[in-house]
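Participant: Can you keep this structure in mind? I'll have questions shortly.
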Amino acid sequence: MPKHRLKLYDFDQKYNLLAIHSNTEIFKIAYNLNRLLKINLKREADIDFEGNISSYLLYKYCSKKYDSKIFLFSNKSINSSNLKSKSTLFDEFDKASLFIPDYPKVEYFLKIEDGRFNIKNLIEKINGSKNIISCYEANLQTDKSKYNLIFE
């Protein structure tokens, strides 16, 4: 099987990444975003890494009118309960696997590819939703996090 080598320009995708803090389930967040932004996020196949040990929930919406794609995905693995480690102080503890390690406290991300959106207005609308604690634009620092965002 041939190896796929990423070049530096592979990281230079045109996208905006919004970090979302919330205590509710991702399907409720997707429902609220659909209603609030008048989009239609639909469940897609999970994003899998590390030989299916870690998988992350994914919702997607494609807009032909605005020529854009919107992705809602979880930052914490849904298989984190399977990742147990032995400890000397306690019997075992959960070791959650993060999709974007730069933001360990963020539950969900909204990735907006292309399109022409007023991001500040979008953030204000999302922050006004009843199930969302806070929303802000995320700036990635590490190449690993940027590489993880290439999932389509």
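Participant: Could you tell me how many cubic angstrom of Cα convex hull volume segment 96-152 has per residue? Can you show the working numbers first?
Facilitator: Numbers: hull volume 6.2 nm³, N = 57.
About 109 Å³ per residue, rounded to a whole number.
Participant: Arrange 136, 103 by Cβ neighbour counts within 10 Å, fewest through most, would you? The partial results should precede the final answer.
Facilitator: On the way: 136 13, 103 19.
Fewest to most other Cβ atoms nearby, the residues stand as 136, 103.
Participant: In what sequence do 43, 35 fall when counting other Cβ within 10 Å, fewest first?
Facilitator: In increasing order of surrounding Cβ atoms, one gets 35, 43.
Participant: Right, something else. Once the Cβ-Cβ distance between residue 64 and residue 28 is put in as r, and R0 is 25 Å, what FRET efficiency do you end up with, to the nearest 0.05? Mind showing how you got there, number by number?
Facilitator: Working: r = 27 Å, r/R0 = 1.07.
The formula returns an efficiency of 0.40 here.
Participant: In this model, which of 64/105; 28/60; 64/130; 65/105; 64/144; 38/144 are farther than 26 Å apart at the alpha-carbon?
Facilitator: Values: 64/105 33 Å; 28/60 14 Å; 64/130 29 Å; 65/105 34 Å; 64/144 30 Å; 38/144 32 Å.
Among 64/105; 28/60; 64/130; 65/105; 64/144; 38/144, the Cα-Cα distance tops 26 Å for 64/105; 64/130; 65/105; 64/144; 38/144.
Participant: As a footprinting exposure proxy, order 135, 62 by other Cβ within 10 Å, with the fewest listed first. Could you put the intermediate results ahead of the total?
Facilitator: Details: 135 22, 62 14.
The order, fewest Cβ neighbours first, is 62, 135.
Participant: Based on the Cβ-Cβ distance from residue 118 to residue 139, what FRET efficiency comes out when R0 is 25 Å, to the nearest 0.05?
Facilitator: Numbers: r = 18 Å, r/R0 = 0.73.
In this case the efficiency is close to 0.85.
Where a number appears in this text, it was derived from the coordinates with a stated rule and is not lab data. These numbers were taken from a predicted model, which means no experiment stands behind them. Heads up, the Cβs are rebuilt from the backbone with ideal geometry, glycines too, and the neighbour counts pull from every protein chain shown.
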